[in-house]
Amino acid sequence: MSANDRLTRSLPHLQNLIKRDSDAYREDFKLQYLHFESQFMELTAKPDTWNKSLAENISFVSQVAHCYPEECKGLSQMFIDVLRLYSTLLNNDIRLVIVRALILMRNRGLIDCIQLCELFFLRLLQCQDRLLRVTIQTHIINDIKKQNEKHKNNKLNSTLQNFMCTIIKESNAIAVKMAL
């Protein structure tokens, strides 16, 4: 069994340990994060290829990113940049894993709502992937509901309304339909 297989196979265990005591496992996380970064760079060379190990690493780092905010400060931007550049070229499953990682990070307050909506509406709704569109739509609706749960967030609501008005003027029929 290779070192790569051992790292990947122990990810759920390491994730559990990190969530219990993040300081004690900082070095283990850094090693795994370096491995993730090297795999992620390979994705830009072959965006249409499925890589199970990379998918597991994306899920892992997004699950524990809140435990290491300094080490993971560029993680969300890395995901966003890849989705912006390769949105329609990415393997459907890898793209969905990255979107779900961003949603998880948004739910933990690591990403701004507007930033994610812009990415989803302007880039990802162009993809011919129904599961992706359903995932995005469900997230946006639930996120807006959550933001307005305790009290009405007028600033966010007006920003989103203005954004949706600009989307309606776009030529992408799917994005327009979802904005309505």
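For the chain, the relative contact order works out to 18 percent when only alpha carbon pairs closer than 8 Å and six or more residues apart are counted.
Give the range of the longest stretch in the chain that excludes all GluC sites (Glu not before Pro) found in loop regions by DSSP and having at most 16 other beta-carbon atoms within 10 Å. In short, 72-148.
Each semi-axis of the equivalent ellipsoid for the chain is √(5λ) with λ an eigenvalue of the Cα gyration tensor; in descending order they amount to 31, 20, 12 Å. Under 28 Å Cα to Cα from residue 145, which lysines show up? Leave out anything in the same chain fewer than 8 places away. Partners within reach: 19, 73, 155, 169, 177. Legend: calculated FRET efficiency, residue 22 to residue 93, from the Cβ-Cβ distance at R0 = 41 Å, rounded to 0.05, equals 0.90. Over the chain, with a Gaussian network built from C-alpha contacts below 10 Å, which listed residue (13, 139, 66) shows the highest mean-square fluctuation? Comparing 13, 139, 66 in the GNM, the peak value goes to 13. To the nearest ten degrees, helix 113-122 and the longest principal axis of the Cα atoms of the chain are 80 degrees apart.
Residue separation of residue 138 and residue 41 scaled by 0.36 nm, minus their Cα-Cα distance, works out to 32.0 nm of gained length.
Other residues whose C-beta falls under 12 angstrom from the C-beta of residue 88 contribute a net charge of +1, scoring Lys and Arg +1 and Asp and Glu -1.
Normalised by the number of residues in segment 114-180, the average gap of Cα pairs under 8 Å and 6 or more apart makes the relative contact order 38 percent. From the Cα gyration tensor of segment 42-122, with a ≥ b ≥ c the square roots of its eigenvalues, which class applies: rounded if a/c is under 1.5, or else prolate if a/b is larger than b/c, or else oblate? Oblate is the answer for segment 42-122, as a/c is 1.5 or above yet b/c matches or exceeds a/b. Taking the C-alpha atoms only, the angle from helix 11-20 to the longest principal axis of the chain is near 80 degrees.
All of the numbers you see were taken from the coordinates with simple rules; none came from a lab. The shown structure was predicted, so the numbers you read here are calculated from the model rather than taken from an experiment. All Cβ positions, even for glycine, are placed from backbone atoms using ideal geometry, and neighbour counts span all protein chains on display.
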